[in-house]
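Everything below concerns the one structure shown next.
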Amino acid sequence: VQLQASGGGLVQAGGSLRISCAASGSILSTWIMAWYRQAPGKQRELVGTIVSDSRTTYADSVKGRFFISRDNTKKTMALQMNFLRPEDTAVYYCAASPPGTGGRYNYWGQGTQVTVSS
């Protein structure tokens, strides 16, 4: 399984950006998918998750601004980011957790840089 994140860039505060994650290989709709981010000098943090039936969870810091979606047929996942803030600047990673791993994310994309200017 390989994950490829894309769509990052530079955006002004208050703006929107949509990043995507494309999966290849034997990834199934039953897998849990997630977005993480890591800002310079900070630990990686969970942004949100999406399960097979498209139920989602979000970190408090992005709730109501960020929205995760997935297309199981196309093996893609997206993160729609609205009302972006400078503190959202980070490298964003997509991750996948197969069933039976206790929620461990065994597969990671390479990351895409999101920079929000004030």
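Coordinate-derived values only; no laboratory data. Only a predicted model underlies this, so the values are computations on that prediction, with no experimental measurement involved. Positions of Cβ are backbone-derived with ideal geometry, glycine not excepted, and every protein chain shown enters the neighbour counts.
Taking amide H positions as modeled 1.01 Å from N, with prolines and chain starts lacking one, the residues under 5 Å from Phe66 and 5 or more places away or on another chain are Asn82. Using a cut-off of under 11 Å, list every residue of the stretch 11-52 whose amide N is near the label point 7 Å from the Cα of Arg65 along the Cα-to-beta-carbon line. The answer is 13-16. Placing a pseudo-label 7 Å from each Cα along the Cα-to-Cβ vector at Leu46 and Glu87 gives an inter-label distance of 2.0 nm.
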